[in-house]
């Protein structure tokens, strides 16, 4: 889902598979779609707001030299890295958050929303 809303080429066909519980990966022993847990962001510290605000992780302040966490977040900063006063970029980021959450909620699996992401 992240790659699709980021605008990566050639991922549209895969979106349908992911929204229908990724049977190609997880349909073992008759597992049903509602047995999967779908999420956009998780407990790794990369929030929904981070997903639309940064192309790269910025964990410098925690003393681990930005080596912690996953580096392939499939994020898109919408034209400005980090916080911005640009009204168009802020509006695009808000729209992207709604797109991502709507896609999650319309997916067939059980949705998991990272605490706080529902507030944007």
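For the chain, what is the calculated [θ] at 222 nm in deg cm²/dmol (nearest 500), taking -39500 (n - 2.57) for each run of four or more DSSP H residues and dividing by its residue count?
Dividing the helical sum by the residues of the chain leaves -10000 deg cm²/dmol.
Quick check: residue separation of residue 31 and residue 3 times 0.36 nm, minus the Cα distance between them. What number comes out in nm? Mind dumping the intermediate values first?
On the way: separation 28, 0.36 × 28 = 10.08 nm, distance 2.55 nm.
Fully extending the segment from residue 31 to residue 3 adds 7.5 nm.
Would you calculate the convex hull of the Cα atoms in the stretch 39-120 and tell me its volume per residue in Å³?
Taking only Cα atoms, the stretch 39-120 has a hull volume of 99 Å³ per residue.
Report the extension gain between residue 114 and residue 61 in nm, rounded to one decimal, defined as 0.36 nm multiplied by the number of residues separating them, less their alpha carbon distance.
Extending this stretch completely gives an extra 16.9 nm.
For the stretch 2-73, compute Rh as the Kirkwood radius over C-alpha pairs and then the Stokes-Einstein diffusion coefficient at 20 °C and 1.002 mPa s; write the answer in µm²/s, rounded to an integer. Intermediate values should be presented prior to the final figure.
Details: Rh = 14.5 Å.
The estimated diffusion coefficient comes to 147 µm²/s.
Can you give me the angle between helix 87-106 and the longest principal axis of the chain, using Cα atoms only, in degrees from 0 to 90, rounded to the nearest 10?
20
Every number here is computed from the coordinates shown, using simple stated rules; none is lab data. As the structure is a prediction and not an experimental result, all values here were calculated from the model.
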